Amino acid sequence: MDRVMRVTLVLAGAINGSAVALAKSGEVYIVQCTGSEVQTVETSPQLSFNVGKAWGTVRTEPAGGLFDMMTSHCLGAGRVADGKPSVWGHCEWTDKDGDKVLMHYVRVDPVAGNYTVVAGTGKYSGIRGTRDYKITPFPAVPGGRAVCDEGKLRYALPD
């Protein structure tokens, strides 16, 4: 009886996992953490410009959801003018099959911003979506920084 119960639970988990992976639309809570290499021109503490490239991970809560365990590669630029930040760029997420999601991000608040899904490949072809996020910055190191950003990704895949 124990064996039958275990097989039933495994099959139920596989069916549930497939349903999540195939959902045509929904919301997924995302935590993306990246470390970046940054080059900065700082004219003054109130005026600077930087470019950066970052690599990281994408996790979902709960674990195992659509987009979980993807890698992240981001390129971006930032400016501080009159002490106010402005950050923008693109992140590409890649899953274990090599399928990708490309997103554009913008942040004019010190910690809050949004993503717009631009395109996808493979199982993500035709994807559209948005994601509001907040960052948690970690202590900077010379020439680099690390952040985690979190928020809900609202997405839709074509039928």
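The values are calculated or read from the model by the stated rules, or taken from the named source; none is laboratory data. Source: prediction; values computed, not measured. Because the Cβ atoms are built from the backbone with ideal geometry, glycine has one as well, and the counts that use them run over all protein chains shown.
Where in the range 20-90 are the strands (runs of 3 or more DSSP E), entirely inside, with at least 1 residues that are of a type in the set (Phe, Trp, Tyr)?
Numbers: elements: 25-44, 47-61, 70-81.
Strands (runs of 3 or more DSSP E) meeting the threshold: 25-44, 47-61.
The single condition among (1) free of Cβ contacts under 8 Å to residues at least 60 places away in the same chain; (2) under 30 Å from GLN46 (Cα atoms) that GLY129 does not meet is (2).
Determine if the range 107-121 includes at least one residue that is surrounded by 14 or more Cβ atoms within 10 Å (Cβ to Cβ), over 23 Å from THR40 (Cα atoms), touching a Gly at 6+ places or on another chain (Cβ under 9 Å) and touching a residue at least 40 places away in the same chain (Cβ under 8 Å). Taking every residue of the range 107-121 in turn, none turns out to be surrounded by 14 or more Cβ atoms within 10 Å (Cβ to Cβ), over 23 Å from THR40 (Cα atoms), touching a Gly at 6+ places or on another chain (Cβ under 9 Å) and touching a residue at least 40 places away in the same chain (Cβ under 8 Å). Look at (1) more than 25 Å from SER25 (Cβ to Cβ); (2) touching a helix residue (DSSP H, G or I) at 6+ places or on another chain (Cβ under 8 Å); (3) among the hydrophobic types (A, V, I, L, M, F, W, C) and you find that LEU157 fails only one, number (1). Tallying residues that are over 28 Å from LEU47 (Cα atoms) and either at pLDDT below 95 or of a type outside the set (A, V, I, L, M, F, W, C) (or both) within the range 86-105 yields 8.
The single condition from (1) in contact (Cβ under 8 Å) with a residue 40 or more places away in the chain; (2) surrounded by 13 or more Cβ atoms within 10 Å (Cβ to Cβ); (3) within 17 Å of ILE127 (Cβ to Cβ) that VAL101 fails is (1). Across the range 72-93, the number of residues qualifying as surrounded by 14 or more Cβ atoms within 10 Å (Cβ to Cβ) and more than 12 Å from GLY52 (Cα to Cα) comes to 6. Checking the stated criteria, GLY151 turns out to be touching an Asp or Glu at 6+ places or on another chain (Cβ under 6 Å) and either among the small types (Gly, Ala, Ser) or free of Cβ contacts under 8 Å to residues at least 24 places away in the same chain (or both).
For residues in the range 139-156 being at negative phi and over 17 Å from the mean Cα position of the chain (by Cα), which is surrounded by the most Cβ atoms within 10 Å (Cβ to Cβ)? Selected residue: GLY144.
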